[in-house]
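Here's the structure we're looking at; comments come further down.
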Amino acid sequence: QKEVEQDPGPLSVPEGAIVSLNCTYSNSAFQYFMWYRQYSRKGPELLMYTYSSGNKEDGRFTAQVDKSSKYISLFIRDSQPSDSATYLCAMSVSGAGSYQLTFGKGTKLSVIP
Amino acid sequence: GAVVSQHPSRVICKSGTSVKIECRSLDFQATTMFWYRQFPKQSLMLMATSNEGSKATYEQGVEKDKFLINHASLTLSTLTVTSAHPEDSSFYICSASVPTGYYGYTFGSGTRLTVV
């Protein structure tokens, strides 16, 4: 079993839809959870960073962490064509110093106008 | 702030030659940089962790003599793919940890290497 599982999609939704992206993990030592967005042939950019279980909201994006289920989600409200990208979940056991990130495979999202 | 500049963005080289990829932190000092490799439709795979002034730490299965990493200053790390072969063709991405006031890592824009 891989440490981080993420459905690669592709996921196609109409503009304005609510998008739900998910990852599961097996390592209970993971404490820090991140979502990155990667446009084609570009490096990932950080979208959301969470530490504790619960929800964190930033504009149209909501990150949700359920440590008891080892399950994290990213919700995108009122999705836009510009949201079309690959979304990668990432996690680490530490949030300080030279910690390593473990990534999911990424979910490719297409928002159709 | 917290920008990492990676060059070149794309390179094509002949089999057997070496290619150097540069990763620079523009507005902060990066004590630690990471080098990743990404195949199509695959996740980022960590190749090595680069600490300024010391030898890089390579992940299992990554040949340190083939992928030479140098982190001679707090703003520059380089990855040299030596004696490149077609199977080394991939997307290489660097990232750096930002000392304060920022969570997660900031990534370079990546380098598409094609070995012909």
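The values are calculated or read from the model by the stated rules, or taken from the named source; none is laboratory data. All values reported here derive from a predicted model rather than from experimental measurement. Glycine gets a Cβ as well: all are built from the backbone with ideal geometry, and neighbour counts include every protein chain shown.
Any residue that is within 10 Å of chain A (Cβ to nearest Cβ) and either modelled with pLDDT under 95 or in contact with an Asp or Glu (Cβ under 6 Å, 6 or more places away or on another chain) (or both) - is there at least one of those in the stretch B:1-20? Yes, the stretch B:1-20 contains at least one residue that is within 10 Å of chain A (Cβ to nearest Cβ) and either modelled with pLDDT under 95 or in contact with an Asp or Glu (Cβ under 6 Å, 6 or more places away or on another chain) (or both). Checked against the criterion of being within 9 Å of chain B (Cβ to nearest Cβ), of a type outside the set (A, V, I, L, M) and part of a strand (DSSP E or B), the stretch A:64-76 has no qualifying residue.
Criterion first (more than 26 Å from B:F91 (Cα to Cα) and either touching a Pro at 6+ places or on another chain (Cβ under 7 Å) or in a loop (DSSP other than H, G, I, E, B) (or both)) does A:S110 satisfy it? Show your work before the answer.
Details: more than 26 Å from B:F91 (Cα to Cα): no; either touching a Pro at 6+ places or on another chain (Cβ under 7 Å) or in a loop (DSSP other than H, G, I, E, B) (or both): yes.
No; evaluated as a whole, the condition is false for this residue.
Please verify whether the stretch B:54-70 includes one or more residues that are within 14 Å of chain A (Cβ to nearest Cβ), closer than 18 Å to B:V4 by Cα and over 10 Å from the mean Cα position of the chain (by Cα). Taking every residue of the stretch B:54-70 in turn, none turns out to be within 14 Å of chain A (Cβ to nearest Cβ), closer than 18 Å to B:V4 by Cα and over 10 Å from the mean Cα position of the chain (by Cα).
Would you call A:T102 within 27 Å of B:F34 (Cα to Cα), touching a Gly at 6+ places or on another chain (Cβ under 6 Å) and not aliphatic (A, V, I, L, M)?
On the way: within 27 Å of B:F34 (Cα to Cα): yes; touching a Gly at 6+ places or on another chain (Cβ under 6 Å): no; not aliphatic (A, V, I, L, M): yes.
It is false that A:T102 is within 27 Å of B:F34 (Cα to Cα), touching a Gly at 6+ places or on another chain (Cβ under 6 Å) and not aliphatic (A, V, I, L, M).
The strands (runs of 3 or more DSSP E) found entirely in the stretch A:1-63 include none that carry 2 or more residues being in contact with a helix residue (DSSP H, G or I) (Cβ under 8 Å, 6 or more places away or on another chain), under 13 Å from A:S73 (Cα atoms) and at pLDDT below 95.
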